[in-house]
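Structure, as structure tokens:
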Amino acid sequence: MTRADWTLLILTLVLLPTLYVGLWGDRGAGESVEIWIPGQKPQVLSLDRNQTVEVQGSLGTSVIEIRDHKARFIASPCTGKVCIHAGWQQHAGELAACLPNKVAIEILGRDRRYDSINF
Amino acid sequence: MKTITATSEDYLVAWLAALAVTIHVAEAALPSPLPGVKPGLANVITIAVLVRFGWRTAAWVALLRVLAGSLLIGTFLSPTFFLSASGAAASMLVLWPASRLPGRGFGPVGYSLLAAMAHMAGQFAVAYGAFIPHPAMLHLLPVLMTASVVFGVVNGIIVRTLLNSLRAPAAEHAPSPPAP
């Protein structure tokens with residue numbers, strides 16, 4: 001076995017586990033949040049950066065907070081505030097919506113947590 | 001009418017390819033635990049040819065092995081054939097710069113490992129891109145690559161043993177290799 005052989009073998013054995021971690025790792029984790037706004041294409045924002053976003057809905061401005069790889073509504077011009085009470089959305093497939101304002105947020109990731117949800 | 005005269009290189013490639021095809025077809029009779037996971041013993045011939053006779057001869061042997069093997073097994077132009085061909089193409093593509101490294105370069109084990117990984121990666125790319133673009137395929141990739149690493153090393157050791165036993169006693173009867 002030449003030096004090149006050993007280098008290749010060691011490199012391979014070091015990199016192979018990263019393949020497992022990358023592809024077998026947490027697949028339900030949220031990677032980005034998709035924000036639906038009436039009259040526009042949905043905006044997709046990464047969950048990596050903490051930020052606060054204000055979006056214009058039919059009734060007024062909804063404020064969405066992104067922090068620690070989660071997203072939630074913190075302010076909305078609706079009366080019921082169902083969207084805010086939905087709380088933090090974290091895993092892929094989780095969704096919170098303000099129907100009066102026509103604004104919704106959904107977490108996107110590799111594997112959805114649920115195939116479908118019926119209310 | 002033009003006549004084609006077979007050169008000694010033709011005979012060399014034909015004999016080696018026949019050897020590779022035989023092993024390939026025999027191995028196709030063995031069951032495999034997972035689709036796409038095979039020991040790939042015919043690659044022992046490919047790598048041994050690469051080390052002894054150079055890349056061009058090895059590429060011919062690989063090409064003929066895939067073609068003749070698929071014709072004999074009955075998978076010619078099937079998806080299996082395209083997967084096999086893409087794997088062989090990927091491994092030969094990677095072996096070309098590898099065989100031209102300055103200095104001592106790779107030994108048979110290194111070539112075999114490199115070729116096996118390239119083969120699996122190329123095959124997976126075609127399988128995932130053209131045949132089954134489902135995210136679950138990505139779940140298979142680590143297992144497939146692990147198998148290619150294991151079999152790549154094992155085949156490389158077989159090549160080394162083979163070449164060593166060829167070098168020792170019958171050196172004066174070895175056929176003269178064509179100029180690379």
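Reported count of residues in the stretch A:85-119, each being touching a Phe, Trp or Tyr at 6+ places or on another chain (Cβ under 9 Å), of a type in the set (D, E, K, R) and assigned to a loop (DSSP other than H, G, I, E, B), is 2. Scanning the stretch B:70-107 for residues that are assigned to a loop (DSSP other than H, G, I, E, B) and either basic (K, R) or crowded, with 19+ Cβ neighbours inside 10 Å (or both) turns up B:R100, B:R104, B:F106, B:G107. Residues considered: A:V103, A:V55. Of these, the only one that is more than 28 Å from B:L140 (Cα to Cα) and without any contact (Cβ under 8 Å) to a residue 60 or more places away in the chain is A:V55.
Against the conditions (1) surrounded by fewer than 19 Cβ atoms within 10 Å (Cβ to Cβ); (2) aliphatic (A, V, I, L, M); (3) more than 15 Å from the chain's Cα centre (by Cα); (4) over 23 Å from B:L12 (Cβ atoms), B:A127 satisfies every one except (1).
Taking the stretch A:17-52, which residues are surrounded by 14 or more Cβ atoms within 10 Å (Cβ to Cβ) and in a loop (DSSP other than H, G, I, E, B)? Once the filter is applied, which keeps residues that are surrounded by 14 or more Cβ atoms within 10 Å (Cβ to Cβ) and in a loop (DSSP other than H, G, I, E, B), the stretch A:17-52 yields A:R27, A:G28, A:I37, A:L47.
Is it the case that B:L95 is at pLDDT 95 or above, facing chain A (nearest Cβ under 10 Å) and under 18 Å from A:A4 (Cα atoms)? The answer is no for B:L95. The set of residues in the stretch B:122-139 that are within 9 Å of another protein chain (Cβ to nearest Cβ) and in a helix (DSSP H, G or I) comprises B:L138, B:H139. For the stretch A:4-26, check the following and say yes or no: at least one residue is touching a Gly at 6+ places or on another chain (Cβ under 6 Å) and in contact (Cβ under 8 Å) with a residue 40 or more places away in the chain. No - not one qualifying residue is present in the stretch A:4-26. If you check A:V14, A:V55 for being part of a helix (DSSP H, G or I) and either at pLDDT 90 or above or within 14 Å of chain B (Cβ to nearest Cβ) (or both), only one passes: A:V14. Per this entry, B:H119 is counted among residues that are under 30 Å from A:R110 (Cα atoms) and more than 12 Å from chain A (Cβ to nearest Cβ). Here B:E9 does not qualify as surrounded by fewer than 17 Cβ atoms within 10 Å (Cβ to Cβ), within 15 Å of the chain's Cα centre (by Cα) and more than 18 Å from B:M117 (Cβ to Cβ).
The values are calculated or read from the model by the stated rules, or taken from the named source; none is laboratory data. From a predicted model like this one, the values you see are computed outputs, not experimental measurements. A quick note on method: Cβ atoms are made from the backbone with ideal geometry, for glycine too, and the neighbour counts reach across all protein chains shown.
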